[in-house]
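One structure below.
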Amino acid sequence: MAVLESQQGRVVLRTRHLVGRSRAADLRVTARAVSGEHAVLRWTGDRWELRDLGSRNGTWIDERRLRAGERATVAAGARIAFGDPDVTWLVRSDAPPSAAAITDSAVVEGTGGFLALPSLDDPQVIVELDGEQGWHVIRDGESAPVQDGAALVIEGATYVLSIPAPSAPMQMTAEIRELPSIMDSFDGRGLDLAVSADEEYIEVTVRLGARTHAIPPRVHHELLLALARQRLADRAEGIADSEQGWVYTSDLRKMLGVSANQFYVMSHRCKRELEQLGIDGALILEKRSTSRQVRMGLTDVTVRSL
């Protein structure tokens, strides 16, 4: 997430962040030198961009005044000013938009479409982006839609959400739903799990064509193991590939002995690990939109004993 800092405080940028005196502004600056709709900061898909909106007294970036309507790339370390070049905001971070929550004393950062509050180690509330239904807040296993700017109270502390607008969802035809499995069978992506006799130790090896990557053992790999075993058990029974491996999340949580929020953190950590190696998160934890079922999306999986 991108962050601006000044003596006035700390601001987490939304995908499109309007600056001005107007009550509709995302960053409201009440100084008289600032116009009602003064400037806008916008994520373009690969960088942040600052644009002056024809303000009376100008917009500056690193002491250079922008022309009316001019756009300029914004990078970490830059200093921005609105109306008065001596009153600046520091661009502390220029990371892409992601979920975050702001309290009186801190900003809790998420990663992409996932935020655990008050922290990943104590996930009492989950804020997650669903590709088809938008942003949801999950508390005690119950899910409900949530909007940018919503306030969540957790243990007496108030967390104000800053969540970027989701992209328009892709229409999930039957052909598109089957595409990940079809692609996977051609590009050599696979997952090998080796398990100790007491199942306290799980070695995970990712195969990408001729290359292999070993991932250090982690507790959350128990989720990968459970999903892989379900996929293989269904295959052994001759179940069609389209129906292999599906399990209700409530049953999966019981198998793992974790709460709903702990399950979401485990799935997030597994997806992040494998996504860093180039495997789509949907192949790690594939979801059915019509029911609360998930499965291992990868078809090439093995499980063996150490």
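Run the numbers on the chain and let me know its relative contact order in percent, using alpha-carbon pairs under 8 Å that are six or more apart.
For the chain, the relative contact order is 12 percent.
Solvent-accessible area of residue 119, probe 1.4 Å, all protein chains present, reported in Å² to the nearest ten, please.
Roughly 40 Å² of residue 119 is accessible to a 1.4 Å probe.
For helix 174-187, report the angle its Cα long axis makes with the longest principal axis of the Cα atoms of the chain; keep it between 0 and 90° and round to the nearest 10°.
The angle comes out near 70 degrees.
Find out how many positive minus negative residues lie around residue 292, taking Lys and Arg as positive, Asp and Glu as negative, among other residues whose Cβ is under 11 Å from that of residue 292.
Charge balance near residue 292 sits at +2.
What is the percent carbon and sulfur in the accessible area of the chain, measuring with a 1.4 Å probe over the protein chains and ignoring ligands?
48
Using a 1.4 Å probe and counting only protein heavy atoms, arrange 201, 159 so the residue with the most accessible area comes first. Let's see the in-between values first.
Details: 201 95, 159 25 Å².
Heavy-atom accessible area, descending, gives 201, 159.
Tell me, what is the percent relative contact order of segment 64-114, built from C-alpha pairs under 8 Å that lie six or more residues apart?
Normalised by residue count, the contact order of segment 64-114 is 23 percent.
Can you tell which of 145, 97, 164 shows the greatest fluctuation in a Gaussian network model of the chain with Cα springs below 10 Å?
With Cα springs under 10 Å in the chain, the top fluctuation among 145, 97, 164 is at 145.
Before anything else, pin down the relative contact order of segment 1-54: Cα pairs under 8 Å, at least 6 apart, normalised by residue count, whole percent.
It comes to 26 percent, rounded to a whole number.
At 222 nm, what value in deg cm²/dmol follows for the chain if DSSP H runs of at least 4 each add -39500 (n - 2.57) and the sum is divided by all its residues, to the nearest 500?
Counting only the DSSP helices, I get -6000 deg cm²/dmol.
Loop by DSSP (not H, G, I, E, B), at most 15 other beta-carbon atoms within 10 Å: where is the longest site-free stretch of the chain for GluC sites (Glu not before Pro)?
Between the exposed loop sites, the longest stretch runs 238-306.
Rolling a 1.4 angstrom probe over the protein chains, ignoring ligands and nucleic acids, what is the accessible area of residue 213 in square angstrom, nearest 10?
Result for residue 213: roughly 60 Å² accessible.
Could you give the accessible area per residue of the chain, probe 1.4 Å, as a whole number in Å²?
52
DSSP beta bridges in the chain, what fraction antiparallel, as a percent rounded to 5?
Roughly 90 percent of the beta bridges in the chain run antiparallel, per DSSP.
In a shell of Cβ-Cβ distance under 15 Å around residue 138, excluding residue 138 itself, what net charge do Lys and Arg (+1) and Asp and Glu (-1) give?
Numbers: positive: 139, 253, 287, 292; negative: 122, 128, 130, 140, 142.
After counting each charged neighbour, the total is -1.
The values are calculated or read from the model by the stated rules, or taken from the named source; none is laboratory data. Quick caveat, the model's predicted, so the values are computed rather than measured. We place every Cβ from the backbone using ideal geometry, glycine too, and count neighbours over all the protein chains shown. All accessible areas refer to the heavy atoms of the entire protein, side chains included, with ligands and DNA or RNA removed. Shrake-Rupley method; radii C 1.70, N 1.55, O 1.52, S 1.80 Å.
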